[in-house]
Amino acid sequence: MSIDPVMEHFGNWAVAIIFVAIFAVFLLFTPFYKKSGVKPKGAFLAFVVALAVEMFGVPLSMYAISGVVGQYLPDGVLWGHTLVGYVGLLGTNIAMFLYLFGAVLIISGWRAIYRDYWSKDRGEGHLVTSGIYRFIRHPQYTGFACFTIGMLLEWATLPMLVMFPILGVIYFRLARREEADMRAEFGRAYDEYVARTGMFLPTKVFSRAARAAEMPRRAADSRA
């Protein structure tokens, strides 16, 4: 029996609709900065639709490319579980972890922003630098990136590969615009915050840890 009974996936349009609906509801209750994330939400949902159609409906990428090259693509190449013939279900297993980790980032980031920043409508808001924001400035976008990478590792298709860099550019530009607004609102305090945190990854935290670990050795060398 095949490790990936891929043909059993197709034609399940009810499952495709439910899959998209779950993500749509998740996005509905995941406000973006200034509650105006229509464009990034729409782009992410389009990515989800592209996955659902080809995972549960019709393998359009396989049919389109096979029509050009004159033969079917092997299972796992732009249809089916990604590279299943080479790595088994490893991609799917990694994807499950990325989905969970991405959801934690999105939810924890949303809670901090909703509690400490959007409360400024009541005169209580302030620059959020606690929780997950101690390490990265845009945890929600990192979380959505985890979801999209996970989807590619699970079931990569041609439309998804085309859309992935576009989605990345959209989120990067949105993050830059948000940072400009934060800098205008909080001034020097935000600049100091930027200096000690990474944009999407905790790179500066790792750098500080590496420097801290290096200090005892340098001190010992200076005494020698």
For segment 19-42, give me each residue that is hydrophobic (A, V, I, L, M, F, W, C), loosely packed, with under 13 Cβ neighbours inside 10 Å and at pLDDT 75 or above. Ala21, Ile22, Val25, Leu28, Phe29
If you check every pair at least six apart or on different chains, which have Cβ atoms under 9 Å apart with a residue in segment 179-204 that is touching a residue at least 40 places away in the same chain (Cβ under 8 Å) and within 19 Å of His126 (Cβ to Cβ) first and a residue that is small (Gly, Ala, Ser) and loosely packed, with under 14 Cβ neighbours inside 10 Å second? Tyr190/Ala184
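Condition first: touching a His at 6+ places or on another chain (Cβ under 9 Å) and either outside any helix (DSSP H, G or I) or modelled with pLDDT of 95 or more (or both). Now tell me which residues in segment 110-143 satisfy that. I'd like the intermediate steps shown before the answer.
Just the residues of segment 110-143 that are touching a His at 6+ places or on another chain (Cβ under 9 Å), to begin with: 116-117, 119-120.
Within segment 110-143, Tyr117 is the sole residue that qualifies.
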So, in segment 65-96, of the ones that are hydroxyl-bearing (Ser, Thr, Tyr) and loosely packed, with under 15 Cβ neighbours inside 10 Å, which residue ends up nearest to Ala52 (Cα to Cα)? Tyr72
Does Val53 satisfy the condition of being part of a helix (DSSP H, G or I), of a type in the set (A, V, I, L, M), touching a helix residue (DSSP H, G or I) at 6+ places or on another chain (Cβ under 6 Å) and surrounded by 14 or more Cβ atoms within 10 Å (Cβ to Cβ)? no
Residue pairs qualifying under the 6 Å Cβ cut-off, at least six apart or on distinct chains, with the first in segment 144-171 being at negative phi and at pLDDT below 95 and the second being of a type in the set (Asp, Glu) and surrounded by 21 or more Cβ atoms within 10 Å (Cβ to Cβ), are Thr157/Glu54
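The values are calculated or read from the model by the stated rules, or taken from the named source; none is laboratory data. For clarity, every value in this text was computed on a predicted model and none was experimentally measured. No Cβ is skipped: glycine too gets one built from the backbone with ideal geometry, and neighbour counts run over all protein chains shown.
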